[in-house]
1. Write down Rg/Rh for chain B, rounded to two decimals, with Rg from the C-alpha atoms and Rh from the Kirkwood relation over Cα pairs.
2. State the dimensionless ratio Rg/Rh of region A:165-343 (Rg: radius of gyration of Cα atoms; Rh: Kirkwood radius).
3. So which lysines can B:K81 reach, going by Cα to Cα under 20 Å and dropping same-chain residues fewer than 8 places off?
4. What helices does chain B have that are whole DSSP H segments, at least 20 Å long along their own axis by Cα, and with mean Kyte-Doolittle hydropathy of 1.0 or more?
5. What is the Cα radius of gyration of region B:27-163 over 2.2 N^0.38 Å, N being its residue count?
6. When the Cα centres of region B:555-586 and region A:46-103 are compared, how far apart do they sit, in Å?
7. Show me, for region A:199-204, the HN-Hα J-couplings you get by feeding each phi into the Karplus relation (A = 6.51, B = -1.76, C = 1.60, θ = phi - 60°), rounded to Hz, glycine and proline as x.
8. Sorting B:R323, B:R129 on the 10 Å Cβ count, fewest up front, what's the list?
Amino acid sequence: MTTVLILAVLVLVAIAIWQMTKIFELSQLKAETSQIANDSDNKTNGYLLFAFLIFIYGITIFSFWKYSKFLLPEAASGHGEDYDYLMLISFVIIFIVQTLTQALLHYFGYKYRGEEGKKALFYADNDRLEFIWTIIPVIVLAGLILWGLYTWTTIMDVNDEDDPIVVELYAQQFNWTARYAGEDNVLGDANVRMIDINKANILGLDESDSYAADDIVVKELHLPVGRKVNFKMRSQDVLHSAYMPHFRAQMNCVPGMITEFSFTPIYTTSEMRQNADVRDKVKRTNEIRAERAANGEENSDPWQFDYILLCNKICGKSHYNMQMKIIVETQEEYDSWLAEQGTFAETVLKQDSSETAMNMQ
Amino acid sequence: MSVTAHAHVDDHAHDDHGHHHKETFVTKYIFSQDHKMIAKQYFITGVLIMGFLGIAMSLLFRMQLAWPGESFAIFEAVLGKWAPEGVMDADIYLALVTIHGTLMVFFVLTQGLSGTFSNLLIPLQIGARDMASGFMNMLSFWMFFVSCVVMVASLFIEAGPAAAGWTIYPPLSALPMAQPGSGLGMTLWLVSMAIFIASSLLGSLNYVVTVINLRTKGMSMTRLPLTIWAFFVTAIIGIISFPVLLSAALLLIMDRSFGTSFFLSDIFIQGEVLHYQGGSPVLFEHLFWFLGHPEVYIVLLPALGITSEIMSTNARKPIFGYRAMIASILAIAFLSTIVWGHHMFISGMNPFLGSVFTFTTLLIAIPSAVKAFNYITTLWKGNLQLNPAMLFSIGLVSTFITGGLTGIILGDSTLDINVHDTYFVVAHFHLVMGISALYGMFAGVYHWFPKMFEGKMMNKNLGYVHFWVTAICAYGVFFPMHFVGMAGVPRRYYQNTAFPMFDELTDVQVLMTVFALIAGLAQLVFVYNFISSVFYGKVGPQNPWKSNTLEWTTGTKHIHGNWEGAIPEVHRWAYDYSKVDENGEYIIPGQDFVPQTVPLQKDEEELQH
């Protein structure tokens, strides 16, 4: 059905293009054969330039009206607020410049459309004008640069102040694993050369490293609200990127090195679910999903908002489905969840010693 | 017109050579050393054929994005086993994205654009009989042709073409077990690009030498048309940065085939540890973007140069701020080589380095802003001849501004964090370099078609339709795309169905795809117009746009050597449009332009340059 519709649209467009050519031809006064723009071409296209300016404004307004509700909700991390504010200011500046320059460009195109015998102004240079439009961007950009760099340095300063919890994000084709540093809050050494699939040591932890024993390996990321998290990223095969859009956080995972990012979640998942924008979004999405369910299509289960970790660096066939759920909860909930998870010692090493015991028997 | 055509100089007569010997079909049309023929060869191979493939691929994956998992007969027909029962496979989706990027950036907009217009215009506009080395020029084209053949051949191999994205970051591109496209497909990609780089270097060296050495008498650097300045500087950036890509490609070939570890370390894939140790993918990113970022300007500067020339001619006004335009080109060229790190803010490199690159990146906005304002002022109080070429030039300034402004977001390391590698980036660079450069190229074709095809003109009405449909669709595709990116949708996702948070964006995807399909159709109008004009186009006047530059002083008929008699001498810059004397009369009565070959009149001042 869709195919038929598309074909119909394409055929109609083709006809429209042919008709437009005819209109352009007919709008020429005399049956002349010259392919150089004459006064009537200039007039038509001058007006069209003006119309195009309105189109640009129109599509801008339309997009904001229809699509701004799609944008990410309020930032859920400590630095996210600064990020969003800087983004807002940058956008305001951009839109002022965009509105003015497009207006000038297209209005001049319309206003000064050519006419036979009209004289253009020989105006080749004006140092003062050029100085003005060099210095204004310089000042504005200097401001943005300084502000941006200040924020950047703050965000990227991964340190041990404020008692952060240390979490490793481990990427592989095509899933994520998280490792908590455990009681000692120090991650045990790890390298892909120590991966032992048979023993389920999938992250290649150093079994002889005492820091590794209390590490906790999980497939779902839980974070306590209000506590700083220092992420250490690793990848075992190709480049991945740990993208947590709701937290305004992203860092590539690079095989052979450990990368870092740090943020403090400020809203729990359940608080975020109460956020007005998020509630609207969930409602809209579930309407779409209900419609799908009615049509018997896939992806029709009702959705509940969750923070999410996506892969944002092309990594192969299932790149589009490499994700991990993030749950931000209260410290108590987090503690009790963590207590339920087995440590490396309890899962892998124990299995190891029982195997040894079996061998000895 | 009295003074126009008689500015011949006798002492140039001795190099009046080359157009007497007999030419066979092979030397004239195939292994031609004539820059005009080579320009056409570049256009047909680079733009028409590779451009067709590149755009067609984008339409295919746009359809997949709008209607994920839907079966289309066209998929099955074109993709064969890669679209079982008409449903596009995820691997071929990535391959299409990769090859689309490669074809458009390198083949269409680098060699297609520069190859066509640098070859056509450099000798004609500086007053030279041909390129400094016609043989090297021919060699450059044929290497380009071979690299095209290799790249197209890679589409037909068993495991499919390269699919690691046009940036081919290792380890994905280095390990055949990571994805099927990283096997023979990637090898062919690298071979093709190595040949391409050699071709590009041969071409660029030739352009630089020609501009420096073969300018006609009186053609000082400050009298050069801005097109030539743009081509000249573009060639220099190419010479500086392409060798670095070659080294990256060579090291990657070593890693892939000879077991070295330049870019690879600590890899465990498909149940086994690989031997690689000590390399870093970040090193590859540095090398790649050391070319990759200048590449953006290699694509864009020629388009801006073409626009400068066309806008001035059709506005019947000198380009505003000629020297500022040159300074901007030089500043952009210089800065373009020290901003590459803004592609790598979150690659894991030291954040301090990120600060430095933010600084240099935002600096580049300054010369860009100067250029945009100068274009707008050039229109002010003009007598605008709205030919298709002029419309495309105005369109270029429009998309250059729209796309350039979002660069302020992406160039800021802080703001880049959350939009990096999302559709926001895709929207940004398609507008600022893809669409803008394509507009510049189309403007050039409409404007210089008479020079390419012996005076024949393209149909202007088809040109208008082509422009307006394209202009509306380009914004229709890429404006809403910013919002998709701001919603957090990553690029290079085969489908967005795995994330319920992207469900409601499906309608936007459909809208963008419909605009893209219509835009694709509009390009067929151009192809039809081009081909029919080549064969049936009506011959127009010798100087149809009443332009000042030297190419319009050559005869309509092509001869090897360009000028029938002596090479003309130049007496003024290229932008004396609507220049008046103190009585307010045109310098040449009844004519609003003064070609470069016209000597300064009595009491006339040589202004502004």
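1. 0.98
2. Here Rg/Rh amounts to 1.00.
3. A:K317
4. The qualifying helices are B:50-66, B:134-153, B:184-213, B:226-258, B:322-336, B:388-410, B:506-536.
5. Taking N as the residue count of region B:27-163, the ratio is 1.27.
6. Each part's Cα centre sits 46 Å from the other's.
7. 9, 6, 7, 6, 9, x
8. Placing the least packed residue first, the sequence is B:R323, B:R129.
Values in this text are rule-based calculations from the coordinates and carry no lab data. Since this is a predicted model, take the numbers as computed values, not measurements. All Cβ positions, even for glycine, are placed from backbone atoms using ideal geometry, and neighbour counts span all protein chains on display.
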